[in-house]
């Protein structure tokens, strides 16, 4: 099986030849071509080179097009992004666009041909998909509606407004949902898949009650309409300890969900019984970067024990930093293959 066939088999409820390996590589891919995240994040050809280097170096079972994944939509809408010169620094939003959730009328529609770095991301994704899309699924990284809203207004003001002015936040979420949907459709139209990142909804920032009332309806709509637009599968990524919110995350309709390394994998496994939803279980990125062989092997074996028992488990990692040693990431995969 190649990577694409492996994921397809798992999505169909079949046993793959081995568990899929999907490390979280965003800014780290820049290191593989000797460039900084800021350089790669602003150049479509460098991003293409970095993605191809990622595939050649680690042979992941899915590729995700993105570096600073949570900045793209907010920048296209007008937020300012800073691109640090430091070789290992990741671009960040330097100025939020909205001073208040009542500034929503100031938001302009996004032109996917010209605004921000959206054209860059689409071009890089399309080029990589042409290169190796027959071997591996290439996925565009899009942000969930709440995470886009946080990029526009700041997470603390947004959370405060969600409590005090929920109707205004809902109006903002409607706009953010449309932006995410249009961005996702642009990837689908060009032959790629999409992965939705929404870690601004993670506990303790957002309670399960707030998630159900404010966020879930928008994410369900987003995923439903992306499926209707031709998405073969959608992963929905919320990091942190989401153990108390598993049922709501499943209710989004995503085909792949995340159990981060700090969450209770058993809760996820129990909730996914009799479902075809795939579960990406993460290994701690700090253990990979700073741990010794025994610490890394122990973490890998814990995830491998789940993957051997449950055919819907994907082996993942938390976000691997720019400075994570390349040999250590290769070690994780080699242990996976040996243990299987």
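Every helix of 4 or more DSSP H residues in the chain counts as -39500 (n - 2.57), and over all residues that averages to -14000 deg cm²/dmol at 222 nm.
Shown for 306, 222: other C-beta atoms within 10 Å of each C-beta, ranked fewest to most, produce the order 306, 222.
If the Kirkwood radius is taken over C-alpha pairs of segment 181-311, then at 10 °C and 1.306 mPa s the Stokes-Einstein diffusion coefficient equals 100 µm²/s.
The ranking of 278, 272, 63 by Cβ neighbour count inside 10 Å, starting from the fewest, reads 272, 278, 63.
Taking the longest Cα principal axis of the chain as reference, the axis of helix 118-132 is set at about 20 degrees. Each residue of segment 3-339 gets 120 Å³ once the volume of the Cα convex hull is shared out per residue.
Annotation: segment 1-144 has a Kirkwood hydrodynamic radius of 16.4 angstrom, from the mean reciprocal C-alpha pair distance. Neighbour counting of Cβ atoms within 10 Å sorts the residues 36, 100, fewest neighbours leading, into 100, 36. Among 233, 290, 187, the largest mean-square fluctuation in a Gaussian network model of the chain, built with springs joining Cα atoms closer than 10 Å, belongs to 290. Within the listed set 29, 221, 106, the Gaussian network model of the chain (springs between alpha-carbon atoms below 10 Å) gives the highest mean-square fluctuation for 106. Please identify, among 128, 136, 163, the residue showing maximal mean-square fluctuation in a Gaussian network model of the chain using a 10 angstrom Cα cutoff. Taking springs between Cα atoms under 10 Å, the residue moving most is 163. Taking a quarter of the surface of the Cα convex hull of segment 221-294 gives a mean projected area of 6.1 nm². The calculated FRET efficiency for the pair residue 167 and residue 323, based on their C-beta separation and a Förster distance of 51 Å, comes to about 0.70.
With axes computed from alpha carbons, what is the tilt in degrees of helix 166-189 against the longest principal axis of the chain, rounded to the nearest 10 within 0 to 90? Orientation of helix 166-189: about 50 degrees from the principal axis.
The numbers here are math on the coordinates, done by the rules we state, and not lab data. In this text, all values refer to a predicted model and were calculated from it rather than measured experimentally. So basically every Cβ, Gly included, is an ideal-geometry build from the backbone, and we count neighbours across all protein chains shown.
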